[in-house]
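The values are calculated or read from the model by the stated rules, or taken from the named source; none is laboratory data. In this text, all values refer to a predicted model and were calculated from it rather than measured experimentally. Glycine gets a Cβ as well: all are built from the backbone with ideal geometry, and neighbour counts include every protein chain shown. Please note that ligands, DNA and RNA were not included when accessible areas were found on the heavy atoms of the full protein model with its side chains. Shrake-Rupley method; radii C 1.70, N 1.55, O 1.52, S 1.80 Å.
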Amino acid sequence: MKLNYFMKRLSTVGRWVATTLFCLSAIGLIWQGGFFSDSAAIAMPTANLIASADAGDRVQDAADEVAGRSKDFIRDTANQVERTANRNAAKVDQADDDNSFIERKAMRDRNRIEQRAEEDAARTQEAVDKSKNVVERTVDNIRDVFSD
């Protein structure tokens, strides 16, 4: 029971870390765009609007890219957990030929681990999507403010 508690907490921490890294990378990309802007464009406001629209597109593209990579990482981690559970169950099956209590428990544990890995991966991917949507809404709101 303690192992499940630990894994649940670890998965929660993992989701927070993924969300934090995603937001920090989006902030870093926005911040970087401010330092590399052309100082000659400051004199012409229309150039700034074009540059800010381009920066908004870059931020949204970067957010999509980071979200895609995060989802791939999450899916790979879930697959690795499932493979490990299958290997452990196979070892128990090989060690014990008859359908014993230990073998049945190993199979139940394997199924439970696979189910929880899928659930955790789905929740974490949903959190990544929410974070990406927050970044995109923020960029859209900033564009709306400057376009008025």
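Evaluate segment 5-16: report whether one residue or more is closer than 30 Å to V145 by Cα and either at pLDDT below 55 or open to solvent by less than 90 Å² (accessible area, probe 1.4 Å) (or both). Looking through segment 5-16, none of the residues is closer than 30 Å to V145 by Cα and either at pLDDT below 55 or open to solvent by less than 90 Å² (accessible area, probe 1.4 Å) (or both). All told, D61 meets the bar of being closer than 26 Å to T124 by Cβ and surrounded by fewer than 17 Cβ atoms within 10 Å (Cβ to Cβ).
Listed by first and then second residue, the pairs with beta-carbon distance under 7 Å, at least 6 apart or on different chains, first residue in segment 119-148 and within 14 Å of I30 (Cβ to Cβ) and in a helix (DSSP H, G or I), second among the polar types (S, T, N, Q) and open to solvent by less than 40 Å² (accessible area, probe 1.4 Å), are E136/Q60; V139/Q60. Which pairs turn up if I take residues in segment 83-104 that are closer than 22 Å to E118 by Cβ and look for partners that are assigned to a helix (DSSP H, G or I) and of a type in the set (A, V, I, L, M) with beta carbon separation below 6 Å, at least 6 apart in sequence or on another chain? Cβ pairs passing all conditions: A85/I113; A89/A106; A89/M107; V92/A106.
Considering only segment 55-62, I want to know if a residue exists there that is in contact with an Asp or Glu (Cβ under 6 Å, 6 or more places away or on another chain) and either acidic (D, E) or at pLDDT 80 or above (or both).
Of all residues in segment 55-62, those in contact with an Asp or Glu (Cβ under 6 Å, 6 or more places away or on another chain) come to 60.
Filter once more, keeping what is either acidic (D, E) or at pLDDT 80 or above (or both): none.
The answer is no; no qualifying residue exists.
Is at least one residue of segment 32-43 at pLDDT below 80, surrounded by 11 or more Cβ atoms within 10 Å (Cβ to Cβ) and not in a helix (DSSP H, G or I)? Checking segment 32-43: at least one residue is at pLDDT below 80, surrounded by 11 or more Cβ atoms within 10 Å (Cβ to Cβ) and not in a helix (DSSP H, G or I).
Residues of segment 85-106 being part of a helix (DSSP H, G or I) and open to solvent by 50 Å² or more (accessible area, probe 1.4 Å), which ones? Give the derivation first.
First, the residues of segment 85-106 that are part of a helix (DSSP H, G or I): 85-95, 101-106.
Residues satisfying the conditions are N86, R87, N88, K91, D93, Q94, A95, F101, I102, R104, K105.
Of all residues in segment 123-144, those satisfying the criterion of being surrounded by fewer than 18 Cβ atoms within 10 Å (Cβ to Cβ) and among the charged types (D, E, K, R) are R123, E126, D129, K130, E136, R137, D140, R143, D144.
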